1. Hey, among I227, I240, I262, which residue is in contact with an Asp or Glu (Cβ under 6 Å, 6 or more places away or on another chain) and free of Cβ contacts under 8 Å to residues at least 60 places away in the same chain?
2. Name every residue in segment 181-207 that is touching a residue at least 40 places away in the same chain (Cβ under 8 Å) and assigned to a loop (DSSP other than H, G, I, E, B), in order of residue number.
3. For segment 38-81, give me the residue count where each residue is within 19 Å of K107 (Cβ to Cβ), in a helix (DSSP H, G or I) and of a type in the set (A, V, I, L, M, F, W, C).
4. Looking for something touching a His at 6+ places or on another chain (Cβ under 8 Å), over 27 Å from D15 (Cβ atoms), in a helix (DSSP H, G or I) and acidic (D, E) - is there at least one such residue anywhere in segment 115-130?
5. Could you tell me how many of the residues in segment 61-118 are crowded, with 17+ Cβ neighbours inside 10 Å, of a type outside the set (V, I, T), farther than 16 Å from A33 by Cβ and in contact (Cβ under 8 Å) with a residue 60 or more places away in the chain?
6. Do we have any residue at all in segment 19-35 that's among the charged types (D, E, K, R) and crowded, with 20+ Cβ neighbours inside 10 Å?
7. Quick one: which of G149, G132, G144 is of a type outside the set (A, V, I, L, M, F, W, C) and buried (at least 21 other Cβ atoms within 10 Å of the Cβ)?
Amino acid sequence: MPLNLVNFAKVHKEDLLTSGHRLCPGCAAPMIAKLALFVAENLGYDVVVANATGCLEVSTTIFPFTAWKVPWIHNAFENVAATISGVETAYRVLRRKGRIKPDKEIKFIAFAGDGGTYDIGLQSLSGAVERGHDFLYILYDNEGYMNTGNQRSGSTPPGSYTTTAPVGKKIPGKLQLKKNIVEIMAGHENIYAATAAIGEFMDYMNKVEKALKFKGPSFIAVLSPCIRFWRIPDDSALDITKLAVETKYWPLYEVDRGVYRITKKPRQFKPIKEFIEAQGRFRTLLKHPMASEIIDELQEYVDRRWERLLILEEATKDKPITK
């Protein structure tokens, strides 16, 4: 059932990620974390959070202060999934032995950026999902190693300016497409995996609810603009993610044990060029001789991917891989 925000607001007690952190004005990452914790709180769960090294971690826990009002574990860049899976296992064992008797059901959430998910943490994440641990992994995808100065990651789109793949005379920025991380995770079969965008916050919150109630591993990739390195105004994070959905750059869908469902189908799509032109990180690309070629290739790619999603949605309807 979709969330009822009116009822939720009646029982909402406090923000479990408080103000006063050092994230940039307009950053989407704290909104992503705060909304996830809001859903968990109002579903009646207690929450344990593990947080990979990255913008969200370093900016919310500058010693001796913390913005988190839940049990929170910091771990290295590469092992947040291993950490949260270990905590979830310990919890199950202690409950089975009667060592702990919590008043509320506890849910386990891992937060990580794209560097700690697409690249450095992929092995740890894949292992935890394959083992079937009951946890929610939320990726805030800002498409680069932003905490360390905008280096290219496996999530960076082609043509985007980064310090390790700059746009110049020799190359027009990064040449490769970004990894399709949701398809990689969905390929583990017994999992709930989805995309979300902070600008479509009700869609995101509904998916968090599904993920928390799912028995087993769940994964949500949330498009999370980096104000500084996307070179966008600090009040535009929500709008730019809506534009990503409207241009097919970031389609909103879910895969529940192999069953595909597109959760938002815009009545009319906009060209991918509008998404590119709205961000300063593509400004240099737009002056490059290969700009038209790269934009056309990206347009063709998002069109094909959308058609593929439509086919998968129809082909897998009511046919889960596992029970």
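1. I262
2. Within segment 181-207, H188, E189, N190, I191, I198, G199, E200 qualify.
3. 6
4. Scanning segment 115-130, I find at least one residue that is touching a His at 6+ places or on another chain (Cβ under 8 Å), over 27 Å from D15 (Cβ atoms), in a helix (DSSP H, G or I) and acidic (D, E), so the answer is yes.
5. Residues that pass the stated criteria total 2.
6. Checking segment 19-35: not a single residue is among the charged types (D, E, K, R) and crowded, with 20+ Cβ neighbours inside 10 Å.
7. G144
Where a number appears in this text, it was derived from the coordinates with a stated rule and is not lab data. On a predicted model such as this, the values are computed, not experimentally measured, just so you know. Cβ: placed from backbone, ideal geometry, glycine included. Neighbour counts: every protein chain shown.
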